[in-house]
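Structure, as structure tokens:
The values are calculated or read from the model by the stated rules, or taken from the named source; none is laboratory data. Note that the structure is a prediction, hence the values are computed from the model and not measured. Here the Cβ is made from the backbone with ideal geometry for all residues, glycine too, and neighbour counts use every protein chain on show. Ligands, DNA and RNA are stripped out before the accessible areas are found, and what is left, the full protein with its side chains, is counted by its heavy atoms. Shrake-Rupley method; radii C 1.70, N 1.55, O 1.52, S 1.80 Å.
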Amino acid sequence: MTEEEKRRQEEARRRRIRKAKRRKKLIWRRRILIGCMVLVLLLIFGLIFSIRSCQQRAVETKAEAKAKKEALAKEREEEKRIQEEHTLHMVAVGDHFYHSTVIEDGQQESGEWNYDYIYQHVKEQIETADLAVVNQETPIVSSHDDTSGYPTFGMPKEGGQALADLGFDVITMATNHSYDKGKEGILESLAFWNSQEAPPTVLGIHGSAEDQQADRVQIVEKKAFKIAMMNYTTLINVGTPIPAEESYVVDLYDEETVKEDVEKAKAEADLVIVFLHTGVEDENETDEATKERIAYLAELGVDVVIGTHPHVIRPFGTVDRPDGKQMLVYYSLGNFVSGQQEISQLLEGMADITFVKNPDTGEIVIETCSMEPLIMHYESGQQGYAVYPLEQYTEELAAKHGVHQKTEETFDLESIQAYFEPYLKEQQFGTIE
């Protein structure tokens, strides 16, 4: 082989080696590129997975947060419902009776009789209470011909309808005027209340001896509360005595009867409330006979006593019971609606009590209690009757009050507020049961 051939052969060999090296390098580059691409893809896929995982976790977290928020809201709503169900707001007003001037005031030119206007300023307070009570002093008669004022009263049914439309839940009717229209007046009153779409609980009067025995103690169930209520009068007017054979028509105060009723009430209810028609008329100071009756009710373990009959307001507060607890007493709320003429007979009160019951133990406390001042307003000639809360009464109204024609005593906002001042202190005390 010549040198030239050897040289060519060597060059060819070197070219093959160089070519092989370039191919090998290219392969490695391709492998690296592919590896990088795979790595980038893995990173991209990883990033996508991470993002999706974060999004999923965010969705789950948001859903969990929403679920927790909804559960918490439900829990709070349930707590609020339970608290509301175990809180009872009760109001009570005093003697409701129409003198002739009130009866005439509601007679319209059209020939219709209507008394709704008298109550428009206290309507909201009555309607919004869980339990509202009024003392209907006199019988309600079905015929306008039987209506009458002092001294033997008969209220027109439109006056009773005004009370029913206000939303009074309990009507007390054991008073000294209960028998003013005889047994017929009792029966007409009961028939009127029973004719209502939602008949109220009527206390203190009965159509038969059997009814009296069954209904003398009434259990009123409201929210989570069972309240036993009784109503007694300590007197009947001399001019309208009840015959012995009809003694069942009105619940008269008698210690043995009351004891029997309270024992029954305490066995069947959470609270025991007695509405007692008692006292000396037109005296703000509590008389001794009433104090003795109140002491007896405390001895029996009554929880609340609300007094009527004096036609003027008296103090309210607590009386110690022998069992170490306390009894709340409103000695008199005065009038609610009347045509009376003395200043003290026109300044009246609304009992306002809030009971709270522990849902676990059944323990009941009186959270707050007060006497809200009311004013029986009318103008010259005893017309334009209306009941006003003190907070809505103005100096202008006081100046126009018809009482100025009956007395020279001062009657303005300052004197009215001074009169009420001793009775406005809110009372608070502890456990009832």
Total residues in the range 68-118, condition acidic (Asp, Glu) and either modelled with pLDDT of 95 or more or not in a helix (DSSP H, G or I) (or both): 7
Selection count where residues are among the hydroxyl-bearing types (Ser, Thr, Tyr), closer than 25 Å to LEU166 by Cα and open to solvent by 10 Å² or more (accessible area, probe 1.4 Å), scope the range 329-354: 2
Pair list, Cβ under 9 Å, 6 or more apart: the range 122-149 residue closer than 22 Å to TYR393 by Cα, other residue open to solvent by 10 Å² or more (accessible area, probe 1.4 Å) and hydroxyl-bearing (Ser, Thr, Tyr): VAL122/TYR388
Within the range 355-372, considering residues that are part of a strand (DSSP E or B) and open to solvent by 20 Å² or more (accessible area, probe 1.4 Å), the one farthest from THR101 (Cα to Cα): LYS357
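Each row is one residue, and each column tells you yes or no for (1) under 20 Å from GLY207 (Cβ atoms); (2) of a type in the set (A, V, I, L, M); (3) in contact with a Pro (Cβ under 7 Å, 6 or more places away or on another chain).
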position: PRO241; (1), (2), (3): yes, no, no
position: TYR253; (1), (2), (3): no, no, no
position: GLU260; (1), (2), (3): no, no, no
position: PHE275; (1), (2), (3): yes, no, no
position: ASP282; (1), (2), (3): no, no, yes
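Yes or no: GLU292 over 24 Å from MET173 (Cα atoms), free of Cβ contacts under 8 Å to residues at least 24 places away in the same chain and part of a helix (DSSP H, G or I)?
Details: over 24 Å from MET173 (Cα atoms): no; free of Cβ contacts under 8 Å to residues at least 24 places away in the same chain: yes; part of a helix (DSSP H, G or I): yes.
So GLU292 does not fit the description; no.
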Among (1) within 27 Å of GLY106 (Cβ to Cβ); (2) among the small types (Gly, Ala, Ser); (3) open to solvent by 50 Å² or more (accessible area, probe 1.4 Å) - the single one ALA295 does not satisfy: (1)
Residue list for the range 382-409, restricted to those being touching a residue at least 24 places away in the same chain (Cβ under 8 Å) and in a loop (DSSP other than H, G, I, E, B): GLN382, HIS401, LYS406, THR407, GLU409
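If you check LYS400, LYS425, LYS406, which single one turns out to be touching a strand residue (DSSP E or B) at 6+ places or on another chain (Cβ under 9 Å), at pLDDT below 95 and open to solvent by 80 Å² or more (accessible area, probe 1.4 Å)?
Details: LYS400 fails: at pLDDT below 95; LYS406 fails: touching a strand residue (DSSP E or B) at 6+ places or on another chain (Cβ under 9 Å).
None of the others qualify; the one that does is LYS425.
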Filter result for the condition that a residue is within 27 Å of GLU260 (Cβ to Cβ) and in contact with a strand residue (DSSP E or B) (Cβ under 8 Å, 6 or more places away or on another chain), over GLU188, GLU221: GLU221
Looking only at the range 236-268, and only at residues there that are under 22 Å from PHE355 (Cα atoms) and open to solvent by less than 40 Å² (accessible area, probe 1.4 Å), the one that is farthest from the chain's Cα centre (by Cα): VAL262
The range 269-292, residues that are under 24 Å from HIS99 (Cβ atoms), over 26 Å from the mean Cα position of the chain (by Cα) and buried (at least 22 other Cβ atoms within 10 Å of the Cβ): THR278, GLY279
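Considering only residues that are open to solvent by 60 Å² or more (accessible area, probe 1.4 Å) and among the polar types (S, T, N, Q), which ones fall in the range 69-99?
Residues of the range 69-99 open to solvent by 60 Å² or more (accessible area, probe 1.4 Å): 69-70, 72, 74-81, 83-85.
The answer is GLN83, and nothing else.
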Contacts under 6 angstrom Cβ, first residue in the range 97-110 being touching a residue at least 12 places away in the same chain (Cβ under 8 Å), partner assigned to a helix (DSSP H, G or I) and surrounded by 21 or more Cβ atoms within 10 Å (Cβ to Cβ), 6 or more apart: TYR98/GLY159
Residue within the range 319-328 that is in contact with a helix residue (DSSP H, G or I) (Cβ under 9 Å, 6 or more places away or on another chain) and crowded, with 23+ Cβ neighbours inside 10 Å present: yes
